[in-house]
Amino acid sequence: MKQYSELENNVKRFIVEHEKGISIDDIHHKFRMKDGQNRKMADYLIDNKKIILEMKSLFSDRVKNVNDKLNELVKTDSWLAKNWHGAIHLEELIKRHPDSKRFRND
């Protein structure tokens, strides 16, 4: 049985009680394949099953991963090498980059 964080439990309670949503985890048995495995599933159905909701929760600090990626990119991106210094919000750095679309995807 999957363990949920307090945040996930609160979100589930809100969706089920206030939005009259369905937690797919509560009905996962309906999605089993013939070999007994479950299909990949979203987390919730809301608005009379018209909206499929997938919840993603990050429980680790992503700063190191982002800094490692920026340190890798700085080797090949001269603009980044000249403009990334000190603490800056990542979104601000992306907006200021001359090729922000490519930079965001990298």
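Computed from the coordinates by the stated procedures, all read-outs in this text should not be read as laboratory data. Quick caveat: nothing in here was measured; it's all calculated off a predicted structure. Heads up, the Cβs are rebuilt from the backbone with ideal geometry, glycines too, and the neighbour counts pull from every protein chain shown.
State to the nearest 20 debye the size of the charge dipole of the chain about its Cα centre, where the only charges are +1 on K and R beta carbons and -1 on D and E beta carbons.
Working: 22 positive and 18 negative charges, 78 e Å.
In total the dipole reaches around 380 debye.
Legend: ranking of residues Trp79, Trp84 from fewest to most surrounding C-beta atoms inside 10 Å; resulting order Trp79, Trp84. How charged is the neighbourhood of Met55? Take every other residue with its Cβ under 9 Å from the Cβ of Met55, and add Lys/Arg as +1 and Asp/Glu as -1. With Lys, Arg at +1 and Asp, Glu at -1, the neighbours total -1. Length gained on full extension, Ile52 to Asn10, computed as 0.36 nm times the residue gap minus the Cα-Cα distance: 13.3 nm. Shown for Asp47, Asp106, Asp35, Asp77: other C-beta atoms within 10 Å of each C-beta, ranked fewest to most, produce the order Asp35, Asp47, Asp106, Asp77.
So which trypsin sites (Lys or Arg not before Pro) in region 18-106 end up in coil per DSSP with only 16 or fewer other C-beta atoms within 10 Å? Mind showing how you got there, number by number?
Numbers: sites: Lys20, Lys30, Arg32, Lys34, Arg39, Lys40, Lys49, Lys50, Lys56, Arg62, Lys64, Lys69, Lys75, Lys82, Lys95, Arg96, Lys101, Arg102, Arg104; in loops: Lys20, Lys34, Arg39, Lys40, Lys49, Lys50, Lys56, Arg62, Lys75.
Taking region 18-106 and a limit of 16 other Cβ atoms within 10 Å, the loop trypsin sites (Lys or Arg not before Pro) found are Lys20, Lys34, Arg39, Lys40, Lys49, Lys50, Lys56, Arg62, Lys75.
Per DSSP helix of 4 or more residues, -39500 (n - 2.57); summed, then divided by the residues of the chain. What does that give at 222 nm, rounded to the nearest 500?
Numbers: 5 runs with 43 residues, N = 106.
The helix contribution divided over the chain gives -11000 deg cm²/dmol.
Counting other C-beta atoms within 10 Å, which of Val63, Val74 has the fewest, and how do the rest follow?
With the fewest neighbours first, Val63, Val74 line up as Val63, Val74.
Between Phe59 and Lys20, the distance separating the two model label sites (each 7 Å from Cα on the Cα→Cβ line) works out to 3.3 nm. When both region 1-49 and region 61-106 are represented by their alpha-carbon centers, they are found 36 Å apart. Selection among Ile15, Asn83, Asn38 by position relative to the dipole of the chain gives Asn38 as farthest towards the positive end (Cβ unit charges, Cα centre). Which links in Lys50/Lys95; Lys64/Lys95; Lys2/Lys49; Lys56/Lys95 stretch past 31 Å when you go from one Cα to the other? Exceeds cut-off: Lys50/Lys95. Within the set [x] -0.54, -0.77, -1.09; [y] -0.34, -0.69, -1.43; [z] -0.44, -0.72, -1.13, the number that log10 I(q)/I(0) by the Debye sum over Cα atoms at q = 0.10, 0.14, 0.22 Å⁻¹ takes when calculated for this structure is listed as [x].
Among residues other than Ser5 with Cβ under 15 Å from its Cβ, the summed charge is 0 (Lys and Arg +1, Asp and Glu -1).
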